[in-house]
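See below for the structure under consideration.
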Amino acid sequence: MTRRLVDNEDPDRLYIVTGGRSRATEVTFDLVTLIVSECDPTPGMQSEHAKILRLCREPVAVVELSSDLGLPVSVVKILLGDLLDMGKITARHPSTTRTESALPAPEFLKQVLVGLRNI
C-alpha cells in the first residue's frame, strides 16, 4: 500500500495547529469558496494564520490554500473559521445568486442575438 502525502503529516502537529478541534465551526467552507484577507498578519499570530493572510491578498480558493499550505482541507477549514471569526478574512462563494433585476433585459438579449447573426 502506498502512502499519500497527507499520511506523512505528523498527527500531533495537526492537533496543535487546530487546537485539538476536528471540525470547523458552524460556518462551512466548500472547496471553491474564495478567501480574501482583510488585514496583514500581526506579531504573535499563529504561523498558519499568518501564511493564510499573506496568501489571500488576492482571492484564493480553499482547495488552493490547502495545496499551498500542505495541509488537509479539513485543517484549513478550521483555520479559516478562526480567521473569519476574528474578522481577518472575507469568504465568498464564486457562484452568488443573481436577482432578477440584475439579469439583462430580454430586449437587450434579442439585440445581441441579432447582432451576432449579422456577423
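The values are calculated or read from the model by the stated rules, or taken from the named source; none is laboratory data. Everything quoted here is computed from the prediction, not taken from an experiment. Quick reminder, even Gly has a Cβ in these numbers, built from the backbone with ideal geometry, and neighbours come from all protein chains shown. When the accessible area is computed, the model is the full protein with side chains, heavy atoms only, and any ligands, DNA or RNA have been set aside. Shrake-Rupley method; radii C 1.70, N 1.55, O 1.52, S 1.80 Å.
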Open item on the list: Cβ-Cβ under 9 Å, sequence separation 6+ or interchain: first residue in the range 30-43 and within 11 Å of residue 77 (Cβ to Cβ), partner of a type in the set (A, V, I, L, M, F, W, C) and assigned to a loop (DSSP other than H, G, I, E, B). Which pairs?
Closed with: 35/29; 35/56
Open item on the list: Could you go through the range 91-101 and let me know if any residue there is out of contact with any Lys or Arg (no Cβ under 6 Å at 6 or more places or on another chain), charged (D, E, K, R), under 11 Å from residue 35 (Cβ atoms) and not in a helix (DSSP H, G or I).
Closed with: yes
- [ ] Working only within the range 69-87, note down all residues that are aliphatic (A, V, I, L, M) and part of a helix (DSSP H, G or I).
- [x] 69, 73, 75, 76, 78, 79, 80, 83, 84
Open item on the list: Here's a check for you: in the range 47-69, which residue that is free of Cβ contacts under 8 Å to residues at least 12 places away in the same chain and open to solvent by less than 50 Å² (accessible area, probe 1.4 Å) is nearest to residue 28 (Cα to Cα)?
Closed with: 66
Open item on the list: When you scan the range 43-65, do you find a residue that is of a type in the set (S, T, N, Q) and at pLDDT 90 or above, even just one?
Closed with: no
TODO: Might you check whether a residue that is open to solvent by 70 Å² or more (accessible area, probe 1.4 Å), part of a loop (DSSP other than H, G, I, E, B) and at pLDDT below 90 occurs anywhere in the range 8-21?
DONE: yes
